[in-house]
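The structure appears below as structure tokens.
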Amino acid sequence: MSTPTQARRLDVTGMVRVARERVVARIREAEVVAAALSAGRNVLLEGPPGTGKTTLLRALADGAGVPLVLVEGNAELTPTRLVGHHDASRVLSEDYRPENFVPGPLTRAMTDGAVLYVEEFNRVPEETMNVLLGVLSEREMHVPRFGRVTARPTFRLVAAMNPFDAVGTARVTPALYDRSCRVAMGYQDEDAELAVVAAATAGPEPLVARAVRSVRITRDHPELRIGSSVRGAIDTVLIAVELATVRGDGADEDSTGLDAALAALTGKVTLADGAARPVEDVVADIWRRAGEELGKA
Ligand SMILES: Nc1ncnc2c1ncn2[C@@H]1O[C@H](COP(=O)(O)OP(=O)(O)OP(=O)(O)O)[C@@H](O)[C@H]1O
Ligand SMILES: [Mg+2]
């Protein structure tokens, strides 16, 4: 017997089709996440910033024809913010009534049968994680002075986490891991990153290649503790193209590319402890090295 709260299968083929159209590579991840969601499972997506987690999930939700409700996880995401609250001024004149309840993202996602996507999940306060844990187990929750909220059959939770976040992923309780499936989204290979940046910028090929090579170098550079995501390469290309217009030179001109890379990357990387020189010098070296490696010297 199926009850209204029970999860129902999603259009797994449609999900993967839309992901293939919109997401570069990531086919295995798209298939596995789609299969897990279709099977009524909840998913933890673990990967560093800029690895396409949100892009993939948007495509999958669209492919399933299910709305996506996006929530930024942080220390201020209290249970009240997530679940909803009664409108204070209306409570004064009308007292507590279901009609003056303002639903939060969790309540909306449950009643709309949406995928609730919580980014930076490891930053969410423990009480809020516990609310979600209850919903995952029961697919319903009781809201004081509002009543019972029942999840529609397509409701799912997807939580994204950055494994390198200073706020550790160890904060997430084993009970939640036990009720979810985990899919790791690491950095993509160079060809995939080239395709991502080319699609996002339509910039000249040599500039795209040098920007991608540069961010890849930042990720295992001894003077950097945290490297840049593909966003750094996208920003470098977009800025260089604009700068070239102002200066009337080519976007892959050395000094124009370097100025763009400095603006795009110095704030995105973090120097290693005890680094002996400013971040600008490190990024300039990386930009030069990327050019040399690609045979520009
Ligand atoms: N595989 C991919 N296909 C298409 N675009 C991608 C891919 N990976 C990254 N991007 C692009 O890179 C940028 C960052 O991607 P996205 O926002 O999906 O990353 P994220 O993993 O959600 O990052 P964060 O952890 O910071 O939220 C976007 O502009 C997105 O379009
Ligand atoms: Mg994201």
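Bear in mind these aren't lab numbers, they're just calculated from the coordinates by the rules spelled out. As the structure is a computational prediction, the values presented were derived from the model and not from experiment. Neighbour counts run over all protein chains shown; Cβ positions are idealised from the backbone, glycine included.
With q set to 0.10, 0.12 Å⁻¹, the log10 of I(q)/I(0) for the chain, from the Debye formula over equal scatterers at the Cα positions, is -0.65, -0.85.
Need the C-alpha centroid separation for the stretch 169-226 versus the stretch 69-102, integer Å. Between the Cα centres of the stretch 169-226 and the stretch 69-102 lies a distance of 36 Å. From the residues A160, A263, A61, which one has its Cα farthest along the dipole of the chain in the positive direction, the dipole being from +1 and -1 charges on Cβ of Lys/Arg and Asp/Glu about the Cα centre? Selected residue: A61.
Close amide H pairs (under 5 Å, H built 1.01 Å from N) link L271 with R225, residues at least 5 positions away or on another chain. Using the Karplus relation 6.51 cos²θ - 1.76 cosθ + 1.60 with θ = phi - 60°, the per-residue 3J(HN,Hα) values for the stretch 92-103 come to 4, 8, 10, 6, 6, 9, x, 5, 9, 7, 9, x Hz, with x marking Gly and Pro.
By its C-alpha gyration tensor, with a ≥ b ≥ c as the square roots of the eigenvalues, how is the stretch 182-288 shaped: rounded for a/c under 1.5, else prolate for a/b larger than b/c, else oblate?
The shape class here is oblate.
The angle separating the long axis of helix 205-219 from the principal Cα axis of greatest extent in the chain is about 70 degrees. Remark: the stretch 74-84, residue by residue, has Karplus-estimated 3J(HN,Hα) of 7, 5, 8, 7, 6, x, 4, 4, 6, 8, x Hz, where x stands for each Gly or Pro and the curve is 6.51 cos²θ - 1.76 cosθ + 1.60 at θ = phi - 60°. Ranking V246, T13, A184 by Cα position along the charge dipole of the chain, where only Lys, Arg, Asp and Glu carry charges on their C-beta atoms, puts T13 farthest toward the positive end. The HN-Hα couplings worked out from phi for the stretch 114-119 by the Karplus form 6.51 cos²θ - 1.76 cosθ + 1.60 (θ = phi - 60°) are 8, 8, 8, 10, 9, 7 Hz, whole numbers, x standing for Gly and Pro.
Close amide H contacts of G104 (hydrogens built in the peptide plane, cut-off under 5 Å, sequence separation of 5 or more or a different chain): G84, H85.
Here the chain is treated with +1 on each Lys and Arg Cβ and -1 on each Asp and Glu Cβ, and its dipole about the Cα centre works out to around 1200 debye.
Mind putting a number on the dipole of the stretch 12-184 about its Cα centre? Charges go on the C-beta only, +1 for Lys and Arg and -1 for Asp and Glu, and I need it in Debye to the nearest 20. Walk me through the numbers on the way to the answer.
On the way: 21 positive and 20 negative charges, 109 e Å.
The calculated dipole for the stretch 12-184 is roughly 520 debye.
For the stretch 5-97, GluC sites (Glu not before Pro) meeting the loop criterion (DSSP other than H, G, I, E, B) and having at most 12 other Cβ atoms within 10 Å: E76. Please list, ordered by chain and number, the residues whose modelled amide H lies under 5 Å from the amide H of C181; skip anything fewer than 5 residues away on the same chain. Excluding prolines and chain starts, which carry no amide H, the hits are N42, V43, L44.
Compared with the dominant Cα axis of the chain, that is its longest principal axis, helix 254-265 is turned about 30°. Taking a point 7 Å out from the Cα of T169 in the direction of its Cβ, the residues of the stretch 39-68 whose backbone N falls within less than 12 Å of it are 44-49. For the chain, the longest principal axis of the Cα atoms and the long axis of helix 12-22 meet at an angle of about 30 degrees.
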